[in-house]
Structures are given as C-alpha cells and as structure tokens.
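Okay, so here's the structure we're looking at.
What follows is calculated from the coordinates using simple rules that are stated; it is not laboratory data. What you are looking at is a predicted structure, and each value in this text was computed from that prediction instead of being measured. Don't worry about glycine lacking a Cβ; one is built from the backbone with ideal geometry, like all the others, and counts go over all protein chains shown.
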Amino acid sequence: MIKRAKFHVASIERRQSGPDGESRKVRMYAAYNGQQNCDNSDYWQPTPDSVVTLCTVDPKLWGEFELGKEYYLTFEADTCVHDWVVDSKQPIDNAPGIYVKEHCVTCGKVNTRTE
C-alpha cells in the first residue's frame, strides 16, 4: 500500500529543546481547492481534515520547510519483520526511565524508545 497526500505549511515555530538546544515545530494541513496548484482537489478528497505536526532538532532540516509552501507526503507500509539489536542505553535527565537506541539488522532502520 502506497498512498500520497499533499500538505501546505501553515506554521513554523521555534522552540527551546532542553537547556542548550532548540527545535522547530512544523504544522501542515491538507492541501485544498483554491490553493496554489490545480491538483489539490485530487489530494484533498481522501484527506480533507488532515494535520501533520513535525518536530525536529536537526538544523539541516529547518530550512527545508517554508511557510505557505506545499509538500507531498508518501505513506508506505513498513514490511520488514524487524530484528532489533540494542546499541545503547542512557538514563533520561531529570526523569524516570532510560533512552534505548537500537537498529534492525534486517533493514538498518534506527529506533529510539524509552523503557
């Protein structure tokens, strides 16, 4: 199953991320008729009330999103039967729990979770 959707960037918010870092929160809404491109109605029909919110701490990605610009988003099922191997475990600062970083030996996907 591969599905494609189209979204426009409605807001970009600069946020503090920890004591020394920052992040960007990007909010996108489904593209709709009357916006920039004539194919928007094709994408609006299956996803009329969709919202995507991304938060990134990677400065290389901050400039990739522009306010008011439209982006395609592809949804594709993950078909790998993951075989996870733990790479590292670190305590979470000022909170209970542990960050676990792991990777799949089958597909190479990297995952971060808490336990």
Students often get this wrong, so check it: of 60/89; 3/89; 60/101; 6/101; 3/101, which have C-alpha atoms separated by over 24 Å?
60/89; 3/89; 6/101; 3/101
Could you give the nm distance between label points at residue 4 and residue 115, where each point is 7 Å from its Cα heading toward the beta carbon?
4.0
Give me the compactness ratio for the chain, meaning the Cα radius of gyration over 2.2 N^0.38 Å.
1.35
On the Cα set of region 57-115, report Rg and Dmax in Å, please.
16.1, 41
For the chain, what does -39500 (n - 2.57) per DSSP helix run (n ≥ 4), summed and divided by total residues, give at 222 nm, in deg cm²/dmol to the nearest 500?
-1500 deg cm²/dmol
